Amino acid sequence: MGTKNVTRVSEFLLMGLSDDPELQPLLFSLFLSMYLVTMLGNLLIIMSISSDFHLHTPMYFFLSYLSLADIGFTSTTIPKMIVDIQTHSRVISYVGCLTQMSFFTLFGCLDSLLLTAMAYDRFVAICHPLHYPVIMNSRLCGLLVLISFAISLLYSPLHSLIVSQLTFFMDVEIPHFFCDPSQLFNLACFEIPINNILMYFIAAIPGGVPLTGILFSYSRIVSSIVIVPSTGGKYKAFATCGSHLSVVCLFYGTGLGVYLSSAVSHSPRKDAVASVMYSVVTPMLNPFIYSLRNRDIKRAMQKLLRRTV
């Protein structure tokens, strides 16, 4: 360490997903297409819900904010990556890196908390159907969204605060397409055990705690569905949770898998490729998961498109 210059760097180099020049046009087209599909799909969800009075229910209220969070989540990383490929530049300033990291964690945490609120909504709908309109009133729904935003805003500066206290070697190359906190912890000048402790602790806040709430809600849901006598009743109850459960599995399965495995992984570039699943693919698939399996959403989208055309 004494032979290398250690300083508080002014910029980082984002190495992206590949160094192959021939792959850059393909990556540009692929990620631009995925970003446009993500924006269009989530905007359609938001507009369809807001324009159809029949969708002004707690479940769709949370879904509209989830789509908004997905738009912000994707917009934090992909536009920068597309511009870097187009301009052949990999530089991101120190302040820009911390800013990107803050917004990335803000929307990621918001996604996680909104999924937890949606799980609670399904729990009340299935386990306490007679009291559902009273419990899930507009005041409580608004409060849950407000709390989700407040926690996310308080949590998002945590990564930046920790990274701002770290020391890096000069000319730091991040083997990723955005300023991933786990990669920056790996590049910092301190011992690996401290690195692992920080990563597990930080991942537990937006990942472990909400996931515990989701698992608790679904354990109660399953217990209630099991005692339903008719097969049709069980299927109908499970169907109301299908889309949400698919999104939860996709989001947490890819996100926590990447973050927790990166603590012991020796291939940062593979971690970057895997991160595409939760940072790009999941926000893109969410509108399809909810719209393709939901007649109300499809009907609202058709009405909206007819009015637009």
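Towards the positive end of the charge dipole of the chain, with charges on Cβ (+1 Lys, Arg; -1 Asp, Glu), say which of Leu66, Met284, Met47 has the farthest Cα.
The listed residue farthest towards the positive side: Met47.
From the square roots a ≥ b ≥ c of the eigenvalues of the alpha-carbon gyration tensor of region 45-104, which class results: rounded (a/c under 1.5), prolate (a/b over b/c), or oblate? Don't skip to the end; give the middle numbers.
Values: a/c = 6.14, a/b = 2.67, b/c = 2.30.
It is prolate, given that a/c is not under 1.5 and a/b is the larger ratio.
Before rounding to the nearest 500, sum -39500 (n - 2.57) across all DSSP H runs of length at least 4 in the chain and divide by the residue total; then give [θ] at 222 nm in deg cm²/dmol.
On the way: 14 runs with 222 residues, N = 309.
After summing the helix terms and dividing by the residues of the chain, the value is -24000 deg cm²/dmol.
Roughly how many debye, to the nearest 20, is the charge dipole of the chain about its Cα centre, given +1 on each Lys and Arg Cβ, -1 on each Asp and Glu Cβ, and no other charges? Walk me through the intermediate numbers first.
Numbers: 18 positive and 15 negative charges, 269 e Å.
For this selection, approximately 1300 debye.
Nearest 0.05, what FRET efficiency do Arg295 and Leu154 give at R0 = 25 Å with Cβ-Cβ as r?
0.05
What is the spin-label model distance, in nm, from Thr87 to Val281 if the labels are put 7 Å beyond Cα along the C-beta direction?
Going from the Thr87 label point to the Val281 one covers 3.0 nm.
As a test, work out the antiparallel percent of DSSP beta bridges whose residues both lie in the chain, rounded to the nearest 5.
60
Helix 282-292 versus the longest principal axis of the chain: what is the Cα-based angle in degrees, 0 to 90, to the nearest 10?
For 282-292 against the chain, the angle is about 20 degrees.
Could you give me the ³J(HN,Hα) list for region 115-125, computed from phi with Karplus coefficients 6.51, -1.76, 1.60 and θ = phi - 60°, whole Hz, x at Gly and Pro?
Per residue, the Karplus-derived 3J(HN,Hα) values read 4, 5, 4, 5, 5, 5, 4, 5, 4, 5, 5 Hz.
Ser223 versus Phe288, label points 7 Å from Cα toward the beta carbon: distance in nm?
The two pseudo-label positions are separated by 3.7 nm.
Under 5 Å between amide H atoms, partner at least 5 residues away or on a different chain: which partners does Ile174 have, H built in plane at 1.01 Å?
It is Leu13, Leu14, Met15, by chain and number.
On a full-extension model of 0.36 nm per residue, what is the gain between Lys236 and Asn137, subtracting their alpha-carbon distance, rounded to one decimal in nm?
Extra length available between Lys236 and Asn137 comes to 33.3 nm.
Using a 1.4 angstrom probe with every protein chain in place, what is the largest-first accessible-area order of Arg90, Arg306, Arg139, Arg299?
Reading off the accessible areas and sorting them downward yields Arg139, Arg306, Arg299, Arg90.
Ignoring ligands, DNA and RNA, what percent of the accessible area of region 1-85 is carbon or sulfur (1.4 Å)? Please list the in-between numbers first.
Details: 2900 of 4180 Å².
Whole-percent figure for carbon plus sulfur exposure: 69.
Protein chains only, probe 1.4 Å: how do Val276, Val209, Val91 rank by accessible area, largest first?
Correct descending sequence by accessible area is Val209, Val91, Val276.
Can you bin the chain into rounded, prolate or oblate? Criterion: square roots of the alpha carbon gyration tensor eigenvalues sorted a ≥ b ≥ c, rounded for a/c under 1.5, prolate for a/b above b/c, oblate for the rest.
prolate
The values are calculated or read from the model by the stated rules, or taken from the named source; none is laboratory data. The model shown is predicted, which means the values in this text are computed figures rather than measured ones. Here the Cβ is made from the backbone with ideal geometry for all residues, glycine too, and neighbour counts use every protein chain on show. Note: areas computed on protein heavy atoms with side chains; ligands, DNA, RNA excluded. Shrake-Rupley method; radii C 1.70, N 1.55, O 1.52, S 1.80 Å.
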